[in-house]
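Beneath this line is the structure, given in structure tokens, with notes to follow.
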Amino acid sequence: MTPDRSDLQPDPRYTSQLPPQLAPLVEPARKVLQELFDERISQAPSPAYRELWVSLRDATHGGKLVRPLLVMIAATGGDLTAHPRRTQQAAFAGAAFELLHSGFLIHDDIMDRDLIRRGTPTVAAHFRTLARSAGSSDCDHQGDATAIIVGDLALTGAYQLLARCEDKTVDLIAVTDQAIRLTAEGQLLDISADTIHHATTGDVLNVAYLKTSAYSFVAPLQCGMIIAEWAQSPTHHVTEGGRKLGIAFQLYDDILGVAGDIEVSGKSKDSDLLGRKHTLITRFAAQHPDWAQIWENLKDGEDQAVLSHAREVLAQTDAIASTSQIAEDLHAQACQDFEAEGVPEAVSERLILLAQWLEGRRK
């Protein structure tokens, strides 16, 4: 029997709703996802396989659906009734990107050794608990391995949804493949760096583009433009705006990771420091002569003296303020791109509204 998972629903304090002008645009994709989960769960050939899909459904539930929103804005300009076929294709493509996102997050939590997401246990942590209650002698490994399988189902499910986009499928898959390649490269760079002392600002921003912006912002916008068959001239501006907005989004997320309110981020503001995550913030902090030793000491786990020293250095180097300024600049540049000549007014207005809402996450 599948365990009661009511305690694993995302805590509503850690999820924020889209602006009312944008929220209806994600409903077609939400419906596609719900139908997919209902089908896979009801038709599961065994309780174990059913639990995998229940976990994926719960991991996906509570997201803001920004990726489906970007597909839908670019594909329809916000009018869901004018071109029903476009809307349906955008719903499938948007749902595919949300599944892709869920799979990446599940795998990312394992790589980062995170146990909490949106205020609840990660998929890996959940399966660790189940393994422990079943008497496993290696519950951590079993939990992580099972979560990897759940993430794999998300990735394959994304491609199955793209296959339902009819004549646009081949082009959409090409964009998605490129986004996955870039994300894989970004994740590899992210976990391979032993030190950030020699990284340039450009290096760190490039990793943010590769691991976040490429699949979360650029690719969804590109897919929406493919569905709507945009003329070539304005696509560059929208793509470039998406690239900058995605990087700014990651920088704001990094700020929340070390200085955010748990009511916003759903995790301790010490977790990124204890996890020794390489960010633009830590790159600025590395200019301080004490940082190399602090970075080494963080390996030993939670030590309030080390954490306090780390925060003193962050303040002394203006690491958070400097990162915030770069994010603000990128955000403003993205909005300028979205207002460029040739970008449909309805698309421009909604992308800027979304950008302003995302920028407000850090406040």
Residue match in the range 188-207 (condition: crowded, with 20+ Cβ neighbours inside 10 Å, touching a residue at least 40 places away in the same chain (Cβ under 8 Å) and under 23 Å from Ala29 (Cβ atoms)): no
Could you please tell me which pairs satisfy a Cβ distance under 9 Å, a separation of 6+ or placement on different chains, a first residue in the range 275-295 that is over 16 Å from Tyr252 (Cβ atoms) and modelled with pLDDT under 90, and a second residue that is of a type in the set (Lys, Arg) and part of a helix (DSSP H, G or I)? Arg276/Lys299
Please enumerate the residues belonging to the range 302-332 that are surrounded by 15 or more Cβ atoms within 10 Å (Cβ to Cβ) and within 20 Å of Asp203 (Cβ to Cβ). Leu314, Thr317, Ala319, Ile320, Ser322, Thr323, Ser324, Ile326, Ala327, Leu330
Evaluation of Thr15 against (1) at pLDDT 95 or above; (2) under 23 Å from Gly242 (Cα atoms); (3) surrounded by fewer than 17 Cβ atoms within 10 Å (Cβ to Cβ) (one fails), failing number: (1)
Test Val264 against the stated conditions and say whether it is in contact with an Asp or Glu (Cβ under 6 Å, 6 or more places away or on another chain), part of a helix (DSSP H, G or I) and modelled with pLDDT under 95. no
Can you name the residue in the range 310-363 that is part of a helix (DSSP H, G or I) and acidic (Asp, Glu) and, of all such residues, is farthest from Asp270 (Cα to Cα)? Glu345
Qualifying position, being among the basic types (Lys, Arg), at pLDDT below 90 and surrounded by fewer than 16 Cβ atoms within 10 Å (Cβ to Cβ), among Lys299, Lys269: Lys299
Where residues in the range 326-363 are touching a residue at least 60 places away in the same chain (Cβ under 8 Å) and β-branched (Val, Ile, Thr), which of them is farthest from Pro24 (Cα to Cα)? Ile326
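The values are calculated or read from the model by the stated rules, or taken from the named source; none is laboratory data. This structure is a prediction, so every number in the text was calculated from the model and none was measured. Don't worry about glycine lacking a Cβ; one is built from the backbone with ideal geometry, like all the others, and counts go over all protein chains shown.
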